[in-house]
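The values are calculated or read from the model by the stated rules, or taken from the named source; none is laboratory data. Since we're looking at a predicted model, the values are computed, not measured. Don't worry about glycine lacking a Cβ; one is built from the backbone with ideal geometry, like all the others, and counts go over all protein chains shown.
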Amino acid sequence: MTQETGGFAALDLHPNIVAAVIATGYEEPSAIQQQSIPIILAGHDMIGQAQTGTGKTAAFALPILNRIDPAKREPQALILAPTRELALQVATAFETYAKQMPGVTVVAVYGGAPMGPQLKAIRNGAQIVVATPGRLCDHLRRDEKVLATVNHLVLDEADEMLKLGFMDDLEVIFKAMPESRQTVLFSATLPQSIRAIAERHLKDPKHVKIQSKTQTVTAIEQAHLLVHADQKTSAVLSLLEVEDFDALIMFVRTKQATLDLASALEAKGYKAAALNGDIAQNQRERVIDSLKDGRLDIVVATDVAARGLDVPRITHVFNVDMPYDPESYVHRIGRTGRAGREGRALLLVTPRERRMLQVIERVTGQKVAEVRLPDSQAVLDARIKKLTNSLAPLVADAEASHGDLLDRLTADIGCTPRALAAALLRKATNGQALTLAAIEKERPLVPNSAPRGDRADRPSGDRPDRGDRERRAPMPLAEGRARCRTALGARDGIAAKNLLGAILNEGGLAREAIGRIQVRDSFSLVELPEDGLERLLAKLKDTRVAGKQLKLRRYRED
């Protein structure tokens, strides 16, 4: 079921969709896209097993857009996502790929935002609805016909939806849709609960599985740095100050990014060049030859452009953009550490990409250690070390060959040898900052790792023994958290995952923002951020869990 290479144009997609994809800078479909797009275009139900980061959003978005009728002002496709963040991400991807499809509109439906505008957008004819299950069920209670015209359904990250307790909501949604629909299910794992859904709701589904096959080279030292997306260039420039490299390759996702980053590096005095699919083959060869012989030290490349690249000088690989999948990561870092030599690979990770980092670690079987951005002292020490190394070989015979000149210059200028040496150093360093105060002024604001907490601080279903479930004292509060109480408990059929799912989607929180969840027989306790708690509780005031009102209140431990 593999596809001949030939880019997205070879997948029988509408030219306008292909043009929109190309405009984003992506060159070749990933494995999941190559296999899934023809199946979905043909109208088959499908089960796709693939990890986060494999390009699966485009794998379903592109063929579904291909089957949308812009003339029909009614919902035609529904994509379900487990969290608000993923729903927004998927909706943005659809909007990007639909830029050259006049009349096609997308609406994101999730908790923590007013329901009125969402329902209005659906009734006004948005053809593509991207929703979290809980909020969509709220809309169905207001208008049970909302999904009556949907003929394409995608469950994205289905295993995560079940972990968050959305099984009952999914069944409500399935019943509200036409039985004749096409259903596509994507999941990183296929537990029995997912297989049961497939048996009940999918018709003779085709299966696509992207397997992880490659292991990393143990000689390569791997590390990651947490950054914000808009601070990557600053982080790269700081890392280059302290990394002792011979030659280096940086990987980014798009052609434009290769040009932008290479230009920023050149402006800072680095010998750098871009390498992407738009560059003619003879020019690519010149870039690689220049990297081999030392005329270039850094190449900024896309994955496709760097295939087969083998340059013994490469000591470092920077993954400036997260790769699509673990296999791409392995391929990238394999550009260093060749023939038994040691190498170093650095991965820049945005907060939203932490999960993909975990996938890479699991698939490769190796921990990718966390490093911090070099501080000002480290940058200063590195700059002085480079200056020392450049000057040391010149000192040995300098006095014999230039001593008389030194005497004449100091006399002509009327300065001391120390003052003249300082002036020559300023010229040699092109005015580069070599004091702590000056370096601190130019430092980028890049975050170091946010606390992840230990196991006790993660969302969990703490289940004390039945006999003392009610009497057990609450656990000590972590700093910066407040404890809240709901009258819903185990006797209401509530589990911790139900509360977690509802708060994540309706409150718009990141998962790590929620602390311990303790479910008792007649009530439950949830740890939430102290900062902005009242606003959060106001957001959650109409939230329902298992058909009952959540009614979270601050818990007073008197």
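General observations
- Candidate set: the stretch 355-389, residues that are loosely packed, with under 14 Cβ neighbours inside 10 Å and among the aliphatic types (A, V, I, L, M); chosen: the one farthest from Gln222 (Cα to Cα): Ile384
- Those residues of the stretch 147-165 which are out of contact with any Gly (no Cβ under 6 Å at 6 or more places or on another chain) and at pLDDT below 90, in sequence order: Glu157, Ala158, Asp159, Glu160, Met161, Leu162, Lys163
Quick grid of which residues meet (1) touching a Leu at 6+ places or on another chain (Cβ under 9 Å); (2) among the aromatic types (Phe, Trp, Tyr):
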residue: Phe251; (1), (2): no, yes
residue: Ala264; (1), (2): yes, no
residue: Asn276; (1), (2): yes, no
residue: Asn282; (1), (2): no, no
residue: Ser290; (1), (2): yes, no
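- Scanning the stretch 32-52 for residues that are in contact (Cβ under 8 Å) with a residue 60 or more places away in the chain, touching a Phe, Trp or Tyr at 6+ places or on another chain (Cβ under 9 Å) and buried (at least 21 other Cβ atoms within 10 Å of the Cβ) turns up Ile32, Ser36, Ile40, Met46, Ile47, Gly48, Ala50.
- Restricting attention to the stretch 244-255, the residues that are at pLDDT below 90 and either part of a helix (DSSP H, G or I) or surrounded by 15 or more Cβ atoms within 10 Å (Cβ to Cβ) (or both) total 3.
- Every condition in (1) surrounded by 18 or more Cβ atoms within 10 Å (Cβ to Cβ); (2) modelled with pLDDT under 85; (3) of a type outside the set (S, T, N, Q) holds for Ala339 except the one numbered (1).
- The listed residue being closer than 25 Å to Val172 by Cα and outside the structural domain of Asn505 (by TED's automatic domain parsing), out of Ala50, Ala87, Ala71: Ala87
- Scanning the stretch 199-211 for residues that are crowded, with 18+ Cβ neighbours inside 10 Å and either in a loop (DSSP other than H, G, I, E, B) or at pLDDT below 90 (or both) yields Leu202, Pro205, Ile210.
Condition check ((1) assigned to a helix (DSSP H, G or I); (2) farther than 30 Å from Glu361 by Cα; (3) not small (Gly, Ala, Ser)) across all residues:
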{"position": "Ala273", "(1), (2), (3)": "no, yes, no"}
{"position": "Gly277", "(1), (2), (3)": "no, no, no"}
{"position": "Arg284", "(1), (2), (3)": "yes, yes, yes"}
{"position": "Ser290", "(1), (2), (3)": "yes, yes, no"}
{"position": "Leu296", "(1), (2), (3)": "no, yes, yes"}
{"position": "Leu309", "(1), (2), (3)": "no, no, yes"}
{"position": "Val317", "(1), (2), (3)": "no, no, yes"}
{"position": "Met322", "(1), (2), (3)": "no, no, yes"}
{"position": "Tyr329", "(1), (2), (3)": "yes, no, yes"}
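- When Ala274, Ala301 are checked against the criterion of being touching a strand residue (DSSP E or B) at 6+ places or on another chain (Cβ under 8 Å), in contact (Cβ under 8 Å) with a residue 40 or more places away in the chain and small (Gly, Ala, Ser), a single residue qualifies: Ala301.
- The set of residues in the stretch 519-537 being under 21 Å from Lys548 (Cα atoms) and outside any helix (DSSP H, G or I) consists of Val519, Arg520, Asp521, Ser522, Phe523, Ser524, Leu525, Val526, Glu527, Leu528.
- Taken over the stretch 17-52, residues that are of a type in the set (Ser, Thr, Tyr) and not in a loop (DSSP other than H, G, I, E, B) amount to 1.
- Within the stretch 218-243, the set of residues being of a type in the set (S, T, N, Q), modelled with pLDDT of 90 or more and part of a helix (DSSP H, G or I) comprises Thr233 only.
- Pairs meeting the criteria (first residue in the stretch 185-196 and modelled with pLDDT of 90 or more, second residue of a type in the set (Gly, Ala, Ser), beta carbons under 6 Å, at least 6 apart or on different chains) are Leu185/Ala158; Phe186/Gly48.
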